Every structure is written in structure tokens, then in C-alpha cells.
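Remarks on the structure that follows.
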Amino acid sequence: MTRTYIVPIGSSPCPQPTPRGVAAIVDEPSAAGVPFAMQHRDRAPKARYFDQHFYELEAERLWSRTWQMACRLEEIPSPRNYVEYEILDQSVIVMRADADTVVAFQNACRHRGVKVIEGNGNCEGGFVCPFHGWCYDEHGKNSFVPARKTFSEHNLDADDINLISVRCETWGGCAWINFDNDAPPLRDCIEPFASIQDAWQLEAMRAEWWYACRLPVNWKLAQEAFVEQYHVVESHPQLVIPGRLLPRDGSFDPQTFLDAELHYLRMMSEGMAGMVHANDVQVAEGLRNIELPADGPTAVAQWNRTLNEAVVAWHRDRGSIIADLNELDAQGLNQPMGYCFPNFFVLPMYSSASSYRFRPLGPEETLMEIWSLTRFPVGGEPPVPPVPERWECDDDRWPPIPRQDFSNLPKQQKGLHNKGFEYMRLSERNEGHISNFERTVDGFLSGRSYDELLRALAELNVNPLERPIVDIGF
Ligand code: FES
Ligand SMILES: [Fe+2]
């Protein structure tokens with residue numbers, strides 16, 4: 001079938017710098033065989049977000065080759081605890097083998113393919129298939145076949161009737177899986193995200209709540225709503241608080257700044273039900289009478305240092321693990337957002353964070369999960385929040401900030417289909433991550449080598465906010 005692609009007149013089909021001339025519509029596939037490829041770094045063709053063939057290519061060449069956050073470790077606290085991880089048409093058993101090891105298996109009985117488990121549970125004594133009762137031990141090894149003698153020998157080859165292993169590693173308080181036995185190790189694929197989050201002690205955090213949303217949009221469109229700050233003024237007006245920004249004329253009133261800052265922290269906390277945790281807001285409120293200098297930049301720096309110090313002291317006094325936030329600031333490691341390709345986010349604020357995961361349910365349907373993470377005294381961690389039911393994106397139970405983000409998304413997915421609309425135009429400076437991300441997707445879809453992809457991932461797995469368009473190596 002012929003598809004319509006956009007390339008600049010006279011250009012080669014390889015990724016090009018921003019075109020200055022006129023774009024023409026021609027019927028040519030890109031050189032690498034990727035439909036609707038990112039021919040221009042700052043334009044994302046609309047069909048990437050709904051085309052069935054593009055979606056199938058992602059299943060075949062991206063989701064089958066990437067490390068995916070499969071569960072939080074507190075979901076499987078004890079040996080033999082398991083959860084089911086689903087991605088597209090694949091189902092995986094993720095099981096804690098011992099205190100340090102998590103293993104994974106394809107969730108399909110070797111007899112006639114029935115899913116061996118559903119949801120979560122404990123497999124003390126192994127797994128029993130619910131259909132005819134084939135049994136597997138906790139290593140996935142087949143341990144019993146009812147009426148064994150009724151099968152021919154070649155169908156019961158001992159090496160061929162065990163559950164099929166899936167690669168699994170742990171990091172950052174989560175278990176991660178990858179279907180590709182040739183993929184580089186997890187850590188290589190998620191740097192520098194991993195090192196930055198390690199410095200911030202991500203693995204010491206626990207989920208306070210866990211929600212899930214069914215969004216009627218493509219998975220890439222869904223996550224791209226959360227990677228830039230360009231939308232904040234229009235979509236989240238309550239976060240634009242007079243007095244927080246330093247006036248250009250040099251006038252500065254410390255009390256106005258302090259009031260605005262406390263108001264912002266409360267808005268962020270209530271708006272996300274915890275990204276700035278209520279504990280940290282309380283610590284900040286306790287500082288409302290501190291003396292700040294009359295010089296704006298000095299006052300802002302002093303406020304940040306004082307609040308960081310007070311938050312760290314508050315958590316350490318209670319026996320929680322927390323990094324020295326001022327030291328992280330000095331090292332440039334105290335960042336408001338960490339992105340991990342293809343679908344995992346951490347948004348740290350002081351002691352706590354929101355964390356997102358996006359999974360495709362169809363070309364125009366996404367499951368977005370949000371965890372609110374915070375720190376607890378060692379030994380005083382709460383039970384795991386239950387697996388969330390899937391709320392619709394307009395459900396009244398959503399906190400105000402995600403509800404505002406969600407309200408735009410269905411309108412955007414609809415708008416993309418309009419005949420006159422061909423591509424999204426991206427700001428070089430404010431929406432660079434979207435371009436970097438989409439071009440990395442093309443790298444996977446065109447079958448680039450892991451060496452090439454690792455270089456792109458190292459540019460992508462950073463704080464996406466205000467990240468410009470960068471060279472990812474292809
Ligand atoms: S399908 Fe599992 S025992 Fe038959
Ligand atoms: Fe937003």
C-alpha cells in the first residue's frame with residue numbers, strides 16, 4: 001500500500017535539520033523503511049500516533065527490545081510472591097526468587113498455552129496450570145504432567161516443557177524485563193537516568209498510593225504531555241503565582257517571595273496529591289518567619305538551601321534514608337524530572353516524587369499509572385497499595401493537575417486526524433525531548449544496532465524539561 005510522506009524538496013530521505021523552504025508531499029517511504037519517520041527534527045508526522053502499521057512495528061521492533069519497568073519491588077516483598085506484567089499481547093510472570101533476585105517467565109503453559117497465573121499471588125509449591133493441571137516449580141521447571149503416558153515422548157522433551165525465561169533485572173526499587181536476549185544489560189540502557197536517581201536514593205522510596213488511568217490516546221502522545229513546561233501557563237494557571245519570579249526591575253520583597261513560594265508548594269502538593277509531599281510542605285511552613293536578604297538572587301538561593309536542609313533533617317530524624325539535597329544541587333543531580341526510555345518517569349520534589357508508567361493498549365489507547373513515592377523510617381514502610389482500578393481520564397477522583405493534563409489529550413488525539421493537519425511542529429528549545437524521543441523510536445523501528453541506540457538513549461534518559469533538540473547520532 002502506498003503511504004504519503006513529507007520530505008523537503010531536494011532533500012535526501014535521512015533525518016534533516018529544520019527545513020527553511022517549502023515542504024512537498026510525495027509518496028516515498030523513508031530510507032530506513034520506517035513509515036511516517038521524523039524526516040525533520042522539529043516535525044512529528046501525525047500518523048505516528050494512530051497508524052496501525054506503525055503501532056505493529058513498535059510491537060515488533062521496540063517493545064520486544066527495550067527494558068520495561070515490570071513492577072515495584074514492594075509488590076513482591078517475599079520469596080515466591082509474583083505479579084503478572086502485561087505489555088501488548090505478551091504476559092509475563094515476575095516472581096521474587098529470594099531477597100536479592102527476581103526472575104521472570106513467559107506466562108503460557110507449555111501444554112496448550114493457557115496463562116498459568118493472573119494478577120498477583122504467592123506460588124509456594126510452584127505453579128499449577130488451571131486447565132489440565134501441568135505443574136511447574138519456582139524455577140519454572142516442569143514438575144508434573146497428569147496422564148503423562150498418553151503423550152508421545154517427543155512432546156515431553158524435558159528441556160522443552162519448562163516455562164520460558166524472560167530476562168529480568170532489578171534497579172531503583174523496581175523489577176525490569178526485556179524480551180531480547182541480545183539487548184545490553186539494564187544499566188547500560190538507562191544511563192544517565194540510573195546514576196542520577198541513585199544519587200537521589202530512589203530505591204529507598206515506597207509507594208504511598210498508586211492510580212491508573214485509561215487514556216483514549218496513543219502512548220507516545222500521552223507521555224509527551226508531561227515532558228515540557230511550555231504548557232504550564234495555559235493548562236495549569238494555578239501554578240503561575242505572582243511574586244515567585246524575580247522582577248526584572250530589581251525590586252524584591254522577601255516576604256512576598258516567601259508567601260508565593262509557600263503558596264506554590266501547597267498548590268503542587270494538593271495538585272498532585274503528594275509530588276511535593278505534605279510533610280515537606282509542613283517543613284516549609286515552619287520556615288515562614290526566616291529572615292531573607294533584600295537581594296533577590298541571594299534570597300532565592302538561601303531559601304532553597306534552608307528548605308533542603310530542613311527537609312533532609314526532618315526525614316533523617318525519623319530514620320528515613322534521604323540524600324543531602326544541597327550536595328545534590330551542587331553536583332547538578334537534584335533534578336525535577338528523570339526520563340527513562342521508553343515509558344518510565346520519576347518527578348522528584350524535595351523528599352518525594354511522582355512516578356509514571358505508560359503502556360499502549362491499542363494505537364489510540366494508553367494505560368497511564370501514577371505512583372506517589374515518599375520516604376518512610378526504615379522498618380516502618382506501609383503495605384503495598386492495592387493494584388488500582390482503571391479510572392477514566394475525566395474521573396472526579398483525579399487530583400487537579402493530572403486532570404488538567406488529561407483534559408487536553410483526547411482533544412489532541414481527535415485533532416490529529418483532521419485532514420488539514422499533517423504534523424506537529426516542535427519548539428527547538430522547549431519541546432526538544434519530543435523530537436529526541438521520536439527519533440530514538442525511529443532508531444528502534446529501523447533496526448539500528450544497540451551501539452547506535454545506546455548513544456541515543458544516553459542523550460534521551462535525562463531531565464526532559466526544556467531539553468533542546470540534540471544530536472542523537474542518527
Ligand atoms: S494448557 Fe496448561 S495444562 Fe493444559
Ligand atoms: Fe502538566
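I'd like to check something: does region 384-391 contain any residue that is modelled with pLDDT under 95, closer than 20 Å to residue 276 by Cβ and either open to solvent by less than 20 Å² (accessible area, probe 1.4 Å) or of a type outside the set (A, V, I, L, M, F, W, C) (or both)? Yes; the residues of region 384-391 include at least one that is modelled with pLDDT under 95, closer than 20 Å to residue 276 by Cβ and either open to solvent by less than 20 Å² (accessible area, probe 1.4 Å) or of a type outside the set (A, V, I, L, M, F, W, C) (or both).
Residues of region 447-472 that are open to solvent by 30 Å² or more (accessible area, probe 1.4 Å) and within 18 Å of residue 184 (Cα to Cα): 447, 448, 449, 450, 451, 452, 454, 455, 458, 459. Within this structure, residue 172 fails the test of being at positive phi, more than 16 Å from ligand 1 (Cβ to nearest atom) and surrounded by fewer than 20 Cβ atoms within 10 Å (Cβ to Cβ). Annotation for region 246-256: no member residue is within 25 Å of residue 438 (Cβ to Cβ) and of a type outside the set (Phe, Trp, Tyr). Of note, residue 377 satisfies the criterion of being open to solvent by 40 Å² or more (accessible area, probe 1.4 Å), in contact with a helix residue (DSSP H, G or I) (Cβ under 9 Å, 6 or more places away or on another chain) and either without any contact (Cβ under 8 Å) to a residue 60 or more places away in the chain or not in a helix (DSSP H, G or I) (or both). Quick one: is residue 311 among the aliphatic types (A, V, I, L, M), surrounded by 20 or more Cβ atoms within 10 Å (Cβ to Cβ) and in a helix (DSSP H, G or I)? Yes. Picking from residues in region 128-149 that are in a strand (DSSP E or B) and either of a type in the set (S, T, N, Q) or open to solvent by 70 Å² or more (accessible area, probe 1.4 Å) (or both), the one that is farthest from ligand 2 (Cβ to nearest atom) is 144. Beta carbons closer than 8 Å, at least 6 apart along the sequence or on distinct chains, never pair a first residue in region 341-369 that is closer than 16 Å to residue 58 by Cβ with a second that is modelled with pLDDT under 95.
Scan region 150-167 for residues that are assigned to a loop (DSSP other than H, G, I, E, B) and under 24 Å from residue 86 (Cβ atoms) and jot them down. Can you show your working first?
Of the residues in region 150-167, the ones assigned to a loop (DSSP other than H, G, I, E, B) are 151-152, 157, 161-164.
Correct list: 161, 162, 163, 164.
Checked across region 178-195, the condition of being part of a loop (DSSP other than H, G, I, E, B), in contact with a strand residue (DSSP E or B) (Cβ under 6 Å, 6 or more places away or on another chain) and more than 16 Å from ligand 2 (Cβ to nearest atom) holds for no residue.
For region 345-354, indicate whether the set of residues that are open to solvent by 40 Å² or more (accessible area, probe 1.4 Å), among the aliphatic types (A, V, I, L, M) and not in a loop (DSSP other than H, G, I, E, B) is non-empty. Among the residues of region 345-354, not one is open to solvent by 40 Å² or more (accessible area, probe 1.4 Å), among the aliphatic types (A, V, I, L, M) and not in a loop (DSSP other than H, G, I, E, B), which makes the answer no.
Looking across region 64-73, the residues that are of a type outside the set (A, V, I, L, M, F, W, C) and crowded, with 19+ Cβ neighbours inside 10 Å come down to 66, 68, 72. Is there a residue in region 184-192 that is under 24 Å from residue 356 (Cα atoms), in contact (Cβ under 8 Å) with a residue 40 or more places away in the chain, open to solvent by less than 10 Å² (accessible area, probe 1.4 Å) and not polar (S, T, N, Q)? Yes, because at least one residue in region 184-192 is under 24 Å from residue 356 (Cα atoms), in contact (Cβ under 8 Å) with a residue 40 or more places away in the chain, open to solvent by less than 10 Å² (accessible area, probe 1.4 Å) and not polar (S, T, N, Q).
In summary, residue 400 fulfils each of the numbered conditions (1) over 19 Å from residue 205 (Cβ atoms); (2) at pLDDT below 95; (3) open to solvent by 70 Å² or more (accessible area, probe 1.4 Å) with the single exception of condition (3).
Checking the conditions here, which among 20, 61, 80, 48 is open to solvent by 30 Å² or more (accessible area, probe 1.4 Å), modelled with pLDDT of 95 or more and not assigned by TED's automatic domain parsing to the domain that holds residue 138? Steps first, please.
Working: 20 fails: modelled with pLDDT of 95 or more; 80 fails: not assigned by TED's automatic domain parsing to the domain that holds residue 138; 48 fails: open to solvent by 30 Å² or more (accessible area, probe 1.4 Å).
That would be 61, the only listed residue that is open to solvent by 30 Å² or more (accessible area, probe 1.4 Å), modelled with pLDDT of 95 or more and not assigned by TED's automatic domain parsing to the domain that holds residue 138.
How many residues does region 202-215 contain that are open to solvent by 10 Å² or more (accessible area, probe 1.4 Å) and closer than 16 Å to residue 369 by Cβ? Break it down into steps so the answer makes sense when it comes.
Residues of region 202-215 that are open to solvent by 10 Å² or more (accessible area, probe 1.4 Å), as a first pass: 203-204, 206, 208-211, 214.
From the residues that got through so far, the ones that are closer than 16 Å to residue 369 by Cβ too are 206, 208-211, 214.
Counting residues in region 202-215 that are open to solvent by 10 Å² or more (accessible area, probe 1.4 Å) and closer than 16 Å to residue 369 by Cβ gives 6.
The values are calculated or read from the model by the stated rules, or taken from the named source; none is laboratory data. Being a predicted model, the structure only gives us computed values, none of them experimental. Note: ideal-geometry Cβ built from the backbone for every residue, glycine included; neighbour counts use all protein chains shown. Please note that ligands, DNA and RNA were not included when accessible areas were found on the heavy atoms of the full protein model with its side chains. Shrake-Rupley method; radii C 1.70, N 1.55, O 1.52, S 1.80 Å.
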